[in-house]
Amino acid sequence: MSESKIAVAAIIVEDLESAGAVNEALHKFNRLIVGRLGIPYRERGVHVISVVLDGTSDDISALTGRLGKIEHVTVKAAMSKR
């Protein structure tokens, strides 16, 4: 069994049309979400979302992988070593 890890995912949504797919993915993995902060950066025309996660490496990778496949969305994650 894989050990639970803490992670933070940084998500940049460059087209508001993609926001529905992002929210759908986050909802599907909501059991991993500890907290979420979304900031509309109007001057740059993007939305930035920071999500704190607690789950297995596989689950966190599955979520970030799914988010990364959404058009006009960039995601990067940092995961704890333990």
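When D59 is tested against (1) over 11 Å from the mean Cα position of the chain (by Cα); (2) assigned to a strand (DSSP E or B), just one condition goes unmet, and that condition is (2). The set of residues from region 58-79 being surrounded by 14 or more Cβ atoms within 10 Å (Cβ to Cβ) and more than 13 Å from V13 (Cα to Cα) comprises D59, I60, S61, A62, L63, T64, R66, A77, M79. Under the condition of being within 13 Å of the chain's Cα centre (by Cα) and in a loop (DSSP other than H, G, I, E, B), the residues counted in region 28-49 number 1.
Scan region 1-40 for residues that are in contact (Cβ under 8 Å) with a residue 60 or more places away in the chain and under 22 Å from K81 (Cβ atoms) and report the count.
Total satisfying the criteria: 7.
Looking across region 2-20 at every residue that is in contact with a Lys or Arg (Cβ under 9 Å, 6 or more places away or on another chain) and small (G, A, S), the one that is nearest to I33 (Cα to Cα) is identified as A9.
No other residue among V52, V22 is of a type outside the set (K, R) and assigned to a strand (DSSP E or B) apart from V52.
Taken together, the values in this text are just the output of simple stated rules run on the coordinates, not laboratory data. Everything numeric in this text was worked out from a predicted model, so none of it was measured. With ideal geometry, Cβ positions are generated from the backbone for all residues, glycine too; neighbour counts draw on all protein chains shown.
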